[in-house]
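Please read the structure below before turning to the comments.
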Amino acid sequence: MEGTLAGKIRKVFLDHPDENLQVQFIAEELDMIADAEKQILYRAIKDFYKRDEIKRISVGVYRYKGLGKKPELRQIMWAALRSKKTVTVDYLIEMSKAKEDYVREWLRFLKRRKIIKKNSNSSYTLINDSVRMPVNNEKAEKCRRIRQKKKKALEAIDEILKTALDARMAVAEMDDE
């Protein structure tokens, strides 16, 4: 078997979906017979458990849950920016697989927040490094305002329709008399 130990363990779990696997079974599948090899396996299983990739059913018995959520594009771009300090739009597109418009919008947000500066050669440099990724609440606020306006407009339309229906009913009653 080739690949990392984690990859091999993951493959054993994936080859037996929705099954509870004993660590001993995994060791046998990976041809880990020596105690020293099993200790390495136990540590790897412990790491899987800490990452919440597997669920402990009972002592020595686990079920695979999966790798979890993929990181958001912004998180990937933020990590790339923090590690490289100076990036280009093309570099962020390559690293995150995001669309160019999205990357440029994210960079404009960071520039407005004075977290990055634009260089003369179309690159961007991190000037204010905070460990936590900045959150763009501007868009969320804009969406909230739009939803509130939409709700008021729909309420107004409902009131107009109710008034129109009442008027129609009144006219219909006039014909009956």
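A short reminder: the numbers here are calculations on the coordinates, not readings from a lab. The structure displayed is predicted, hence computed values, not measured ones. A quick note on method: Cβ atoms are made from the backbone with ideal geometry, for glycine too, and the neighbour counts reach across all protein chains shown.
Can you give the translational diffusion coefficient of the chain in µm²/s, computed by Stokes-Einstein from the Kirkwood radius over Cα pairs at 20 °C and 1.002 mPa s? Don't jump to the answer; show the numbers that get you there.
Working: Rh = 22.2 Å.
Answer, rounded: 97 µm²/s.
What length, rounded to one decimal in nm, is gained on full extension from residue 36 through to residue 56, with 0.36 nm per residue of separation minus their alpha-carbon distance? It would help to have the intermediate numbers written out before the result.
Values: separation 20, 0.36 × 20 = 7.20 nm, distance 2.26 nm.
The residue 36-residue 56 span can extend by a further 4.9 nm.
What angle, in degrees between 0 and 90 and rounded to the nearest 10, separates the Cα long axis of helix 5-15 from the longest principal axis of the Cα atoms of the chain?
Roughly 70 degrees between the two axes.
Bin width 5 Å, origin at 0, all Cα-Cα pairs of segment 73-126: what percent of pairs per bin?
Each 5 Å bin holds this share of Cα pairs: 4, 24, 37, 28, 7, 0.
Between segment 6-41 and segment 89-133, what's the alpha-carbon centroid distance in Å?
Between the Cα centre of segment 6-41 and that of segment 89-133, the gap is 42 Å.
Over 24 Å between Cα atoms: which of 99/151; 65/85; 11/84; 142/162; 11/50 fall into that group? Each step should come with its number before you reach the end.
Details: 99/151 32 Å; 65/85 36 Å; 11/84 33 Å; 142/162 30 Å; 11/50 18 Å.
Among 99/151; 65/85; 11/84; 142/162; 11/50, the Cα-Cα distance tops 24 Å for 99/151; 65/85; 11/84; 142/162.
Return one number: the angle in degrees, 0 to 90 and rounded to the nearest 10, between the long axis of the Cα atoms of helix 100-112 and the longest principal axis of the Cα atoms of the chain.
Roughly 80 degrees, rounded to the nearest 10.
Taking neighbour counts of Cβ atoms within 10 Å as a proxy for exposure, in what order, fewest first, do 62, 91, 42 appear?
Working: 62 22, 91 17, 42 13.
Fewest-to-most ranking of 62, 91, 42: 42, 91, 62.
Quickly estimate the mean residue ellipticity at 222 nm for the chain, helices only: each DSSP H run with n ≥ 4 gives -39500 (n - 2.57), and the total goes over all residues, rounded to 500.
Values: 7 runs with 107 residues, N = 177.
Here the helix-only value at 222 nm equals -20000 deg cm²/dmol.
So for each of 114-121, 140-147, 43-50 I average, over its residues, the number of other beta carbons within 10 Å; can you give me the resulting order with the highest mean first? Before the final figure, lay out the partial values.
Numbers: 114-121: 12.6, 140-147: 10.1, 43-50: 14.5.
Going from most to least packed, we get 43-50, 114-121, 140-147.
Taking Rh as the Kirkwood radius computed over C-alpha pairs, what is the Stokes-Einstein D of segment 82-177 at 4 °C in a medium of viscosity 1.567 mPa s, expressed in µm² per second?
The calculation lands on 73 µm²/s.
For residue 149, give me every one of the lysines with a C-alpha distance below 17 angstrom, ignoring sequence neighbours fewer than eight places off in its own chain.
Cα-Cα hits under 17 Å: 139.
Could you tell me how many degrees, from 0 to 90 and to the nearest 10, lie between the Cα long axis of helix 73-84 and the main elongation axis, the longest principal axis, of the Cα atoms of the chain?
Once rounded, one gets 60 degrees.
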